[in-house]
Amino acid sequence: MNARVRWCASMLGVAVCVGAGVSPARAQAQENQQHVVTLDELNKQTARPAEARQANEDAVRHLLSSDAGQQALKSAHVDYQRVDKAIGQLSDDELAKLAHRSRQAESDFAAGLISAKTLAYIILATVVIVVIVVLAT
């Protein structure tokens with residue numbers, strides 16, 4: 001009987017050791033399955049460049065579609081639709097620079113810091129830049 005007790009005690013000891021070893025392994029496996037960044041955060045991060053590009057395109061188009069922009073395009077005999085199409089072909093960096101200039105020009109004009117004539121020149125320069133960049137690529 002003494003041998004039976006030892007054998008049962010040994011088996012119990014082995015079972016406890018195996019159970020203790022499995023528990024940390026299971027916890028580590030669960031930790032590995034948890035992600036540092038959630039799927040929702042990843043989706044938001046991937047949407048940001050597209051949103052930024054759309055906002056930049058809108059800023060340039062807003063300047064060109066304004067009354068001053070339409071007059072400048074008309075005086076230069078440039079079709080808005082062609083320039084609008086060319087805006088979509090700009091790289092993200094080129095578009096960001098033009099959008100910044102467009103926003104600044106509109107802000108300066110609204111604040112009275114530049115005249116309508118200067119705004120028209122800025123608009124024409126924007127159109128020329130768009131056309132040159134698109135033709136160069």
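Every number in this text was worked out from the coordinates using simple rules, so none of it is lab data. Values in this document were obtained by computation on a predicted structure and should not be read as measured data. Cβ atoms come from the backbone with ideal geometry, glycine included; neighbour counts cover every protein chain shown.
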**Prompt:** Which lysines does residue 117 reach when only Cα atoms under 29 Å apart count, and residues fewer than 8 places away in its own chain are ignored?
**Reply:** 74, 85, 97
**Message:** Using the Kirkwood radius over C-alpha pairs as Rh, can you work out the diffusion coefficient of the stretch 50-136 via Stokes-Einstein at 10 °C, viscosity 1.306 mPa s, in µm² per second?
**Reply:** 125 µm²/s
**Stretchable slack from residue 67 to residue 79, in nm (0.36 nm times residue separation minus alpha-carbon distance)** = 2.9 nm
**Fill in**
Between residue 58 and residue 135, the FRET efficiency computed from the C-beta separation at R0 = 35 Å comes out, to the nearest 0.05, as 0.90
**Fill in**
Between the modelled labels at residue 91 and residue 111 (7 Å from Cα along Cα→Cβ) the distance in nm is 3.0 nm
